[in-house]
1. Output the residue which, of all residues in region 158-173 that are over 18 Å from the mean Cα position of the chain (by Cα) and not in a helix (DSSP H, G or I), is surrounded by the fewest Cβ atoms within 10 Å (Cβ to Cβ).
2. If I ask for residues that are under 20 Å from residue 122 (Cα atoms), part of a loop (DSSP other than H, G, I, E, B) and more than 13 Å from ligand 1 (Cβ to nearest atom), which ones from region 62-92 would you list?
3. Taking the residues in region 199-222 that are in contact with a strand residue (DSSP E or B) (Cβ under 9 Å, 6 or more places away or on another chain) and in a loop (DSSP other than H, G, I, E, B) as candidates, determine which candidate is nearest to residue 173 (Cα to Cα).
4. In region 174-213, what count of residues is obtained for those that are touching a helix residue (DSSP H, G or I) at 6+ places or on another chain (Cβ under 9 Å), surrounded by 18 or more Cβ atoms within 10 Å (Cβ to Cβ) and within 20 Å of residue 153 (Cβ to Cβ)?
5. Where in region 1-61 are there helices (runs of 4 or more DSSP H), lying wholly inside it, with at least 2 residues that are in the same structural domain as residue 127 (by TED's automatic domain parsing) and in contact with a helix residue (DSSP H, G or I) (Cβ under 7 Å, 6 or more places away or on another chain)?
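The values are calculated or read from the model by the stated rules, or taken from the named source; none is laboratory data. None of the values given here were measured: they were computed from a predicted structure. So basically every Cβ, Gly included, is an ideal-geometry build from the backbone, and we count neighbours across all protein chains shown.
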Ligand code: OAD
Ligand code: ZN
């Protein structure tokens, strides 16, 4: 079985900023003020303004060659994608077998009644947005620091990682757990681990092959051997 773990780097070529690195979002913004449940409780408006801006950036972005190559690999080889990204670009490129570990920026969740639904409006009508059913406060249905990952997604990700024969790791700094653990689980279970990232990561020493290139170009190099 063929499995890919993706991170923000795969969407970089689509113009969606990554989190870490020189140009990363966490250089300009403080995650403790924008991506924690405490920050949202304190100041939902500021958190929502930041998410509204990211939704605008993502709405304008198009899936790139790397997203499309993974969609091809699903059609040809049944590839599964496990992603830390919330941008939905894998699905827009045609991937269906996508496990979202950190939620989806286009989905919202009501803090009062628990309703959960997609809301793709850009721009949002009101900030913070309110639940159409009960008037409660809506939050982005993404995983923030200090929150557990969705149980089903995580269980499926562990299972796929343990069963993978080839495990691609594309565009992730491999620093955020539990996602960063998945390539190690795959490796321990006998998978060949291939990393595609212009930079070294903590995973590099464990990878069977490290391709120091951007996602699209790096995938071009290995796709012939995978199909
Ligand atoms: P990071 O921003 O931590 O890492 C992005 C990685 O992409 C880096 O290792 C870059 O070297 C690499 N990269 C940059 N350009 C690339 C390109 N063109 N092709 C391939 N790789 C490229 O993003 P993640 O690892 O996804 O979580 O971050 C993990 C989590 O931390 C995110 O899901 C988010 C963040 O805080 C939450 O918000 C909970
Ligand atoms: Zn509600």
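1. Filtering first and then ranking leaves 165.
2. 62, 63, 88
3. Ranking the qualifying residues of region 199-222, first place goes to 201.
4. Residues flagged as touching a helix residue (DSSP H, G or I) at 6+ places or on another chain (Cβ under 9 Å), surrounded by 18 or more Cβ atoms within 10 Å (Cβ to Cβ) and within 20 Å of residue 153 (Cβ to Cβ) within region 174-213 amount to 7.
5. Counting at least 2 such residues, we get 31-34, 37-42, 44-60.
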